[in-house]
Amino acid sequence: MSTYEAASKLLRRWPTDVVVARLGIGLGLFAFIVALPSISTRFSFPPTARQPWWPALIGVLAMAAGVWAVTRGVTRLGWTAVGFGIIGIGLGVLATRAGEGNLDEVVVWSALLSSTLVWATPLTFAAIGGMFSERSGVVNIGLEGMMLSGAFFGALGADKFGNWPMGLVCAAVAGGSFALVHAFMAIQLRADQIVSGTAINFLALGVTGYFFIQIYGANGTPGNLPRIPDVNIDFLGKVFGHLSLMIWVSFALLIVAHVTLFKTPIGLRIRSVGEHPRAADTVGISVYAVRYGSVVLSGMLAALGGAYLSIGYLGSFSENMTAGRGFIALAAVIFGNWRPFGAFAAALLFGGSTALSFRLAQPWGSASVLFQALPYVLTLIAVAGVIGRSVPPAAVGRPYVKQ
């Protein structure tokens, strides 16, 4: 194959407007990175690289690339590039105004990457669960409540039974129970799925808060809760050498979810029920059974994500400790276009922003409260950037009536 033919084939796969949009995303990231003293020193950037106008200029170029792509119909990547340009300018200018010692303390890549995996793991479990539910045609706004129930009952089970595996079992049972209530209202009673999921969130908040006060009172959960262990593999380095077992389980879950959904008859049934339930019913597939199973599985996976927070990472439970992560996981499902690896990429993005917000909070004292909004702002930008192009399952949110 000649060079010209290879270039033509590449252009057919990646049109110019798509390439420009992706370049804009890269420039948005670079607008922040160029202002870091460790990067400037390592790559011998000019001394002026840490002047505010450099990240501003690069960020404007990123936004221009995004706008150009949007005007040519590439709305998903285009708006994402615009969002990255705005964030790159903001973080880059802040970086140039910060002391080099503070930045070297904040931007430690091994610590940032490991923290990204830590915060992405509960989102990954919940997002994969939400993907199964929505692929079957049921919107699961209740992921937040199911995560919270998993966090509390996981801690309770680990405390009362004295071991973390029983904590995970209790979490899965609790999440599956709340999901079963949602499934009954959405499938059997054909209630509005958004209202039903919202009710689950409030129910879980009330139930966990009540039992937490009744069982543990003002003292809170004991400090010696059995915790999910780390897997120590020293030769994998600082980032992957000492990760929690649940992080490795989430990696395996991605592969299992992808194979199940796209390579097995079970996955075909789930997708067919979510796309065209009438046709699936005609060929003998039980629409109700598939949807019930998918929603319950969704709740169990979301609850395992919540259990990771309480007995895997923090080692304790506090009221409303999930703090909206179920909604971020739902955004990850949309961002990932209802696919496991896409949802995982979104979870990494949101987890990375959470990790960065905590590290940015270290040198800035009381101003650190502002950085806690970073994951939620990024969630809004990401969803706004992809909502125009993401195509949900055709029958999602529509109750099915068997005839």
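Structure notes:
- Residues of segment 168-189 satisfying the condition of being open to solvent by less than 30 Å² (accessible area, probe 1.4 Å), more than 14 Å from MET300 (Cβ to Cβ) and touching a Ser or Thr at 6+ places or on another chain (Cβ under 9 Å): ALA186
- Residue count, segment 322-343 (criterion: surrounded by fewer than 19 Cβ atoms within 10 Å (Cβ to Cβ) and either part of a loop (DSSP other than H, G, I, E, B) or in contact with an Asp or Glu (Cβ under 8 Å, 6 or more places away or on another chain) (or both)): 5
- Residue check for ILE200: among the hydrophobic types (A, V, I, L, M, F, W, C) and in contact with a His (Cβ under 7 Å, 6 or more places away or on another chain): yes
- Scanning segment 288-321 for residues that are of a type in the set (Gly, Ala, Ser) and surrounded by fewer than 24 Cβ atoms within 10 Å (Cβ to Cβ) turns up ALA289, GLY293, GLY315, SER316, SER318.
- Residue-level analysis places GLY352 among those that are open to solvent by 10 Å² or more (accessible area, probe 1.4 Å), touching a residue at least 60 places away in the same chain (Cβ under 8 Å) and more than 20 Å from LEU168 (Cα to Cα).
- The lone criterion from (1) more than 30 Å from VAL231 (Cβ to Cβ); (2) modelled with pLDDT of 80 or more; (3) open to solvent by less than 40 Å² (accessible area, probe 1.4 Å) left unmet by LEU36 is number (2).
- Checked against the criterion of being at pLDDT 95 or above and in contact with a Lys or Arg (Cβ under 7 Å, 6 or more places away or on another chain), the candidates VAL259, VAL290 yield just one match: VAL290.
- Condition check for THR221: in contact (Cβ under 8 Å) with a residue 40 or more places away in the chain, part of a loop (DSSP other than H, G, I, E, B), touching a Gly at 6+ places or on another chain (Cβ under 9 Å) and of a type in the set (Val, Ile, Thr): yes
- Exclusive hit being at pLDDT 90 or above and either closer than 29 Å to THR75 by Cβ or over 12 Å from the mean Cα position of the chain (by Cα) (or both), set GLY312, GLY305, GLY352: GLY312
- Subset of segment 380-403 that is open to solvent by less than 20 Å² (accessible area, probe 1.4 Å) and within 21 Å of GLY66 (Cα to Cα) - its residue that is modelled with the lowest pLDDT: VAL386
- Of the residues examined, PHE153 is one that is open to solvent by 30 Å² or more (accessible area, probe 1.4 Å), at pLDDT 95 or above and assigned to a helix (DSSP H, G or I).
- Of all residues in segment 114-148 being open to solvent by 10 Å² or more (accessible area, probe 1.4 Å) and among the polar types (S, T, N, Q), the one that is farthest from the chain's Cα centre (by Cα): SER114
- Checklist (1) open to solvent by 60 Å² or more (accessible area, probe 1.4 Å); (2) assigned to a helix (DSSP H, G or I) applied to SER250, failing item: (1)
The values are calculated or read from the model by the stated rules, or taken from the named source; none is laboratory data. No experiment lies behind these values; they were computed from the predicted model shown. As a convention, Cβ positions derive from the backbone with ideal geometry for all residues, glycine included, and neighbour counts pool all protein chains shown. All accessible areas refer to the heavy atoms of the entire protein, side chains included, with ligands and DNA or RNA removed. Shrake-Rupley method; radii C 1.70, N 1.55, O 1.52, S 1.80 Å.
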